[in-house]
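Heads up, the thing below is written out as structure tokens.
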């Protein structure tokens, strides 16, 4: 057995001896490329924490492959599933893991860990169901970032913008009615960025417009974190009832790019970092994206403004 395999085996053995409490669990949720890795790394500066990395990943995560939740798991809020409730509780307590979900947890972190930070980009649609059916003490943290910025980041990281757009096909996954409902509209979109923005809306609009939004889950904005990381981090810590010394927050390196900043294009000038995408779109392209926002009833963001419309 090589050194890497030995460490992985040892991590698993140590985790099986742990008895994490759901009362201490921290759950960070965002869309892909939404800043959840960065926020998770900020939280991991808290002593005795460990990151549970993307346990809902459809291939490398811990849910059974036949569950078929896809890249954005959705369960209707009124639907009960004891099996899923138990699975999520086990996930948040790190009772289920793979080599992939342990990838952000060093052996030292595993040894000292008392609090699990679960980070997920595949459960935005699942938030209302989770808070209704899973007995969390700490509210989930729902991190939002401008959908155009997210969409560009996603395409740059996982697509080749020079290749032609593929024909739209409804994803084969459980509870995919939202994709079927808007199939004709999604097929009518003419660019990759438009389609990506529309996907973001499909996977976030019901949560944003939910009557419990900002009440039963904590809403944080990536843009606010970039512009004022110390104060925004303190607000999130306070909302989670974490007793953290303000001097400790001052010591966190907020300027460090996350480990998933694949292009390493993090700009230290905060506002320039946020405004990058505005220069990549013409006025006509912004108008088309605004039409998408209007179609889905998204009022939180504008295609012409970087910051969310928060009062």
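Table for the structure above
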{"quantity": "Residue match in the stretch 7-24 (condition: closer than 21 Å to residue 153 by Cβ, touching a strand residue (DSSP E or B) at 6+ places or on another chain (Cβ under 7 Å) and modelled with pLDDT of 95 or more)", "calculated": "no"}
{"quantity": "Odd one out for residue 68, checked against (1) at positive phi; (2) within 16 Å of the chain's Cα centre (by Cα)", "calculated": "(2)"}
{"quantity": "Per-region count, the stretch 45-69, residues in contact with a strand residue (DSSP E or B) (Cβ under 8 Å, 6 or more places away or on another chain) and farther than 15 Å from residue 92 by Cα", "calculated": "2"}
{"quantity": "Residue 232 without any contact (Cβ under 8 Å) to a residue 24 or more places away in the chain, in a helix (DSSP H, G or I) and over 15 Å from residue 168 (Cβ atoms)", "calculated": "yes"}
{"quantity": "Helices (runs of 4 or more DSSP H) fully within the stretch 236-304 counting 2 or more residues that are surrounded by 13 or more Cβ atoms within 10 Å (Cβ to Cβ), at pLDDT 95 or above and more than 20 Å from the chain's Cα centre (by Cα)", "calculated": "283-296"}
{"quantity": "Flag if residue 136 is free of Cβ contacts under 8 Å to residues at least 60 places away in the same chain, surrounded by 15 or more Cβ atoms within 10 Å (Cβ to Cβ) and within 29 Å of residue 212 (Cα to Cα)", "calculated": "no"}
{"quantity": "In the stretch 179-198, residue surrounded by the most Cβ atoms within 10 Å (Cβ to Cβ) [restricted to those that are within 22 Å of residue 299 (Cβ to Cβ) and in contact (Cβ under 8 Å) with a residue 24 or more places away in the chain]", "calculated": "197"}
{"quantity": "Check on residue 121, closer than 26 Å to residue 200 by Cα, buried (at least 20 other Cβ atoms within 10 Å of the Cβ) and in contact with a strand residue (DSSP E or B) (Cβ under 7 Å, 6 or more places away or on another chain)", "calculated": "yes"}
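The values are calculated or read from the model by the stated rules, or taken from the named source; none is laboratory data. Please read these numbers as outputs of a predicted model, since none were measured by experiment. No Cβ is skipped: glycine too gets one built from the backbone with ideal geometry, and neighbour counts run over all protein chains shown.
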